[in-house]
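Trainee: Got a structure here, written out as structure tokens. Questions coming.
The values are calculated or read from the model by the stated rules, or taken from the named source; none is laboratory data. Keep in mind that what you see is a predicted model, and the values were worked out from it rather than measured. Cβ: placed from backbone, ideal geometry, glycine included. Neighbour counts: every protein chain shown.
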Amino acid sequence: MKKQKFLFMAIAMVALLFASCTDPEEPDAPTPTPTPTNNSFPNSMPACAPFVDQIIDGGFENQWFNQTTSFDTYLEYRSTVFTSLNSLHAMLDVPAMQLTQSPITTYCDSVTPHTGRFALKLVTGELRDASHGRLLIPGATAPLDTTYVYQFLTPDEFPDGINVKRPYTARPTVFKGYYRYTPVAGDSASMIVRLYDGDQIIGEGVQMVYSDVNAWTGFDAHINYTSSATPTHISIILSSSAGYNFADLTNCQGQVGSTLWIDDLEFEF
């Protein structure tokens, strides 16, 4: 009971740090790209556009906002398509958590975007707990809902892991975009889209990256369907370490410092 009370208090404190988006129905690490410093970023999350057919803000231009904790201010990205794992960084603001390190894993790159002003930069990091040691946190973004921190902290109550699906009923044929990648010690990156009918995967498009890719490179991941059913949900996961595990975020595999840049994502139909 004491542990449960502590977890609820921790989640409540973390939740107060974040402006919420109304969900639909349902080797050392390299020096990070400096956070852009200008006054064009709001202090709360911009309004979310509905996720109907096309990827919303696939160029990562419009959903950045300043996230402020009692000890830090950093740029956060959140839309109806993607939520980063940066919320774990805010857990440092909860003294009872006894964290000694919790990374920012999603950055806004204003220096080398493919097009426009910004690109998404994902860097694998690690969370360190005074009692339990090191926990790898992939540089990943996915359609997480605002309860994912609670799901992460109470795995016994969520045996299926963190929810990474959004309601979606279209049938795209190609998942495409541009990327760059700097792996550490043989790490690999992945960009994956999955379409679901309920809990069953009926379509999947996968782009894996196994080596250094210094220049912006296009990818076209054709989505292979195993059913003619209309999808009910979608998941898009971008990760600088392909060994992520959203069913058990405490069991991710990868290398701290692996860095994936993503820009100009879109679907073809």
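Trainee: Please go through the range 210-241 and give me each residue that is out of contact with any Phe, Trp or Tyr (no Cβ under 8 Å at 6 or more places or on another chain) and under 23 Å from Arg78 (Cβ atoms), ordered by number.
Mentor: Matches in the range 210-241: Ser239, Ser241.
Rundown of residues vs (1) in a loop (DSSP other than H, G, I, E, B); (2) at pLDDT below 95; (3) charged (D, E, K, R), yes/no style:
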residue	(1), (2), (3)
Thr169	yes, no, no
Ile192	no, no, no
Gly218	no, no, no
Ala221	no, no, no
Ile236	no, no, no
Val256	yes, yes, no
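Trainee: May I pose another question? All but one of (1) modelled with pLDDT under 90; (2) surrounded by fewer than 23 Cβ atoms within 10 Å (Cβ to Cβ) hold for Gly116; which doesn't?
Mentor: (1)
Trainee: Identify all residues within the range 238-254 that are assigned to a strand (DSSP E or B) and over 17 Å from Thr83 (Cα atoms); write none if there are none.
Mentor: Passing the criteria: Gly243, Gln253.
Trainee: Taking Thr169 and the conditions (1) more than 18 Å from Leu122 (Cα to Cα); (2) in contact with an Asp or Glu (Cβ under 6 Å, 6 or more places away or on another chain), which numbered condition does it fall short on, given that it satisfies the others?
Mentor: Looking at each condition in turn, Thr169 falls short on (2).
Trainee: Something else now. From the set of residues in the range 246-264 that are under 26 Å from Phe118 (Cα atoms) and touching a Leu at 6+ places or on another chain (Cβ under 8 Å), which is surrounded by the fewest Cβ atoms within 10 Å (Cβ to Cβ)?
Mentor: Val256
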